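Visitor: Pasting a structure below so you can have a look.
The values are calculated or read from the model by the stated rules, or taken from the named source; none is laboratory data. Just so we're clear, the structure is a prediction, and the values are computed from it rather than from any experiment. We place every Cβ from the backbone using ideal geometry, glycine too, and count neighbours over all the protein chains shown. These area figures cover heavy atoms from the full protein model, side chains too; ligands, DNA and RNA do not enter into them. Shrake-Rupley method; radii C 1.70, N 1.55, O 1.52, S 1.80 Å.
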Amino acid sequence: MTEYPAPVVPAGAGAPAQPVSLWKPVLLRALVCLVFGAVTVFWAKPSEAGTGVAAGLYFLAAACAQVILLRQLQFRKTDKAFIALALPAGIMAAYGLSFLINSKLEFIGFNAAAALFLFGLGEVYLGIKYRRRHVLARDWLAAGVVGIGTAAVLPFFTALGPHALLGVVGGGAIITGALLLLAALTIRFDAAKPAQAVN
């Protein structure tokens, strides 16, 4: 039986692989963001310890989703684009683990802002680098701007308590989740059309 390669979304010169299955890790991260955002909306009185657990699990899950996306993109490990996504994901995972241990709001607020800033900066870099050459370029740019914006305002809300801190991070997560959900659905249905036509 002849094996055929997985269908790919047409890409510009120099752009990374864009398989149709790219929608799966994008959808995964969207769901991670939306679930966390929903928790922050409906959790009226989070404790300091609960804030550490919620933020820690969210950061770990978001980092895992980014790693799964990286595997789909098939960057070389020496590429700047790989580093721009992998390094912030590693930092986010490390901070996520630390939040499970140290739930002091000052610690979470400062380090969450740093992690979100780096995460967003990496995505903005990819969005600009692959502008009009990759199906995720605009979504990287938009999600990156949201992450940087969340990081910028987060330190000002730390002193207001757990609910305010989670509210800021959760608000950014909801916006990011909505953007990525739309991106995942667009990739899933638009990118599959050429493959269906061939069959």
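Visitor: For region 26-171, build the charge dipole from Cβ charges (+1 Lys, Arg; -1 Asp, Glu) around the Cα centre, then report which of F117, I101, V41 sits farthest towards its positive end.
Guide: F117
Visitor: Kindly provide log₁₀ I(q)/I(0) values, in the same order as q = 0.18 Å⁻¹, from the Debye equation applied to equal alpha-carbon scatterers of region 140-185.
Guide: Normalising to I(0) and taking log10 leaves -0.53.
Visitor: Just to be sure I understand the model, the point goes 7 Å from the Cα along the line to the Cβ. What's the resulting T186 to D79 distance in nm?
Guide: 2.0
Visitor: Could you give me the ³J(HN,Hα) list for region 86-99, computed from phi with Karplus coefficients 6.51, -1.76, 1.60 and θ = phi - 60°, whole Hz, x at Gly and Pro?
Guide: Rounded to whole hertz, the list is 6, 4, x, 5, x, 5, 5, 5, 5, 5, x, 5, 5, 5.
Visitor: Here is a follow-up. With +1 on each Lys and Arg Cβ and -1 on each Asp and Glu Cβ, and nothing else charged, work out how big the dipole of the chain is about its Cα centre, in Debye to the nearest 20.
Guide: 460
Visitor: Next question. What's the extension gain from R132 to A94 if we count 0.36 nm per residue and subtract their Cα-Cα distance?
Guide: 10.4 nm
Visitor: Determine, at each q value in 0.25 (inverse angstroms), the log₁₀ of I(q)/I(0) that the Debye formula gives when each Cα of region 30-106 is one equal point scatterer.
Guide: -1.10
Visitor: Considering only protein heavy atoms and a probe of 1.4 Å, how much of the accessible area of region 67-199 is carbon and sulfur, as a whole percent?
Guide: Looking at region 67-199 in its full context, I get 67 percent from C and S.
Visitor: Across 5 Å bins from the origin, how do the percents of Cα pairs in the chain run, short distances first?
Guide: Going out from 0 Å in 5 Å bins, the chain shows 1, 8, 15, 21, 18, 13, 9, 6, 4, 2, 1, 0, 0 percent.
Visitor: According to the Cα gyration tensor, what semi-axes, each the square root of 5 times an eigenvalue, does the equivalent ellipsoid of region 73-158 have, listed from largest to smallest in whole Å?
Guide: Numbers: eigenvalues 137, 47, 11 Å².
Three semi-axes, in Å: 26, 15, 7.
Visitor: Give me the extension gain from R71 to V53: residue separation times 0.36 nm, minus the current Cα-Cα distance, reported in nm with one decimal.
Guide: Details: separation 18, 0.36 × 18 = 6.48 nm, distance 2.73 nm.
Taking 0.36 nm per residue and subtracting the Cα distance, the gain is 3.8 nm.
Visitor: Run the simple label-point estimate for L87 and V145 please: 7 Å along Cα→C-beta, distance reported in nm.
Guide: Between L87 and V145, the label points sit 2.4 nm apart.
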